[in-house]
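Worksheet: one structure, shown below.
The values are calculated or read from the model by the stated rules, or taken from the named source; none is laboratory data. Just so it is clear, the structure is predicted and the values come from calculations on it, not from any experiment. Cβ coordinates were reconstructed from backbone atoms using ideal geometry, including for glycine residues, and neighbour counts include every protein chain displayed. Just so you know, the surface numbers come from the protein's heavy atoms only, side chains and all, with ligands and any DNA or RNA stripped out. Shrake-Rupley method; radii C 1.70, N 1.55, O 1.52, S 1.80 Å.
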Amino acid sequence: MKLINIFLGLSLLFIFSSCRKENLMDKKEKELVSKLLLEPRDFKGMEIYAHRGHWNTAGSYENTLTSIRKAANIGVHGVELDVRISADSVLYLHHNPDVFENISFSSVSSKDIDRVILPNDDHIPRLDATLDLLKQYPKLKVNFELKGDIPAKFLTIYVRRINDLVMRSGIHERIFFSSLSLPLLVASKNYNAKIKTQSINYADFDMSKLVAAKVDMINFSYAMSMKRSELIQRAKENKIVVCSGAGKFVDVMSLLDRNPDVQMINTDEPDLVMQVYIKSDVKEGND
C-alpha cells in the first residue's frame, strides 16, 4: 500500500508539473501574441494563405464554403484546400482519408457524403460548388492539394477530373496544385501544363527531380524553412518559388524575421497575421 501511495503521489506531482509548465507556455505565448499584434510589419511581398480556409474561428470548419468566405473577408491572398474523390468519382473538399471512422472517403458514394453534416452545420462541399463560390472573389488565389493517398484505381480520373473542372471554371490562372506526391504533380502537368504545381517537402529531396518535373513552387516545413537556408537558396537558383507552412501566428512572424526569402505561407491563424500585415512589392516570380 505504501508503494502504491508513493507511486500515486509521484504521478500526481508529474501531472501537476506538466500542467503548470503548459499553462506557463500558454501564458508566455499569449503575451508574445499581444505584443506582436501591436507591431505592424512589412512582409516584403510574402503572400498569406489560410490553411484549409479560415476555419479557426467561430462558426467555421476546415475545407468548407464558410471557411473560404471567412478567409476572403479578412483579406488573405489565398486559401489552401484539400481535394478527395468519392466512390463514384465526385470531387470534394476534405482533408482526412476517412469520411467516417475507419471508412475511407473513396469507398463512400457521393449520395452518402452529401448527407454528412459538419460541426458548423455545413455540408462537405463538392469541388464544382467550391469553384462557383471562388468566382465571387476574383482576387483570391487557390491552392488545391492533391492527396497522394488516393487509391491507385482512382488516380487517372482524379487528375483528369480536377484539371477539367478547374479549366472549365475560367479561373485557372489563380489556381495551383500542390502535393506530397511528385508523380501526382507530374501526371497533372502532363495532362495540363497550364496549371502551376507546388511540391510539398518535409525532408531532404532531389532538386534535379523537381526541376525535371517542372514544378513552379516548393513548400518547405516550418522547421526546414527556419534551419535549412541552403535549401531555399537552391530553389531560388532554379527559379522555383519558395513557400512554407507555419501554423501559428508567432511562427509566421519568426519566419519573416529569419528568412524573408519565403514568398508564400500557409497558416492556421490568418486573422492574426492580417492584423499586422503591411504589403510591399511582391517579389519577382510570385505572380
Which of the aspartates and glutamates could a cross-linker span from LYS70 if the Cα-Cα distance has to be under 14 Å and same-chain partners fewer than 8 positions apart are dropped? GLU62, GLU80, ASP122, ASP268, GLU269, ASP271
Rg/Rh over Cα atoms for segment 165-223, Kirkwood Rh, comes to 1.00
Suppose only helical runs count, i.e. DSSP H with n ≥ 4. What mean residue ellipticity at 222 nm does that imply for the chain under -39500 (n - 2.57) per run, divided by all residues and rounded to the nearest 500 deg cm²/dmol? -12500 deg cm²/dmol
Compute from the Cα atoms of the chain the Rg and the Dmax, the latter being the longest Cα-Cα distance, and quote both in angstrom. 21.0, 74
For segment 131-287, convex hull volume per residue from C-alpha positions, Å³: 126
How much of the DSSP bridge set in the chain is antiparallel, in percent, rounded to the nearest 5? 15
So for the pair GLU173, LYS153, with labels modelled 7 Å out along Cα→Cβ, what separation do we get in nm? 4.1
Solvent-accessible area per residue for the chain (1.4 angstrom probe, square angstrom): 52
Rounded to whole Hz and in sequence order, give me ³J(HN,Hα) for segment 203-215 from the Karplus expression 6.51 cos²θ - 1.76 cosθ + 1.60, θ = phi - 60°, writing x for Gly and Pro. 8, 4, 8, 9, 4, 4, 5, 5, 5, 5, 7, 6, 5
For LYS147, give me every one of the lysines with a C-alpha distance below 21 angstrom, ignoring sequence neighbours fewer than eight places off in its own chain. LYS189, LYS194, LYS196, LYS209, LYS214
A 1.4 Å probe over the protein heavy atoms gives the chain a carbon and sulfur accessible-area percentage of 54
Using alpha carbons only, how many angstrom separate the centre of segment 212-242 from the centre of segment 26-50? 23
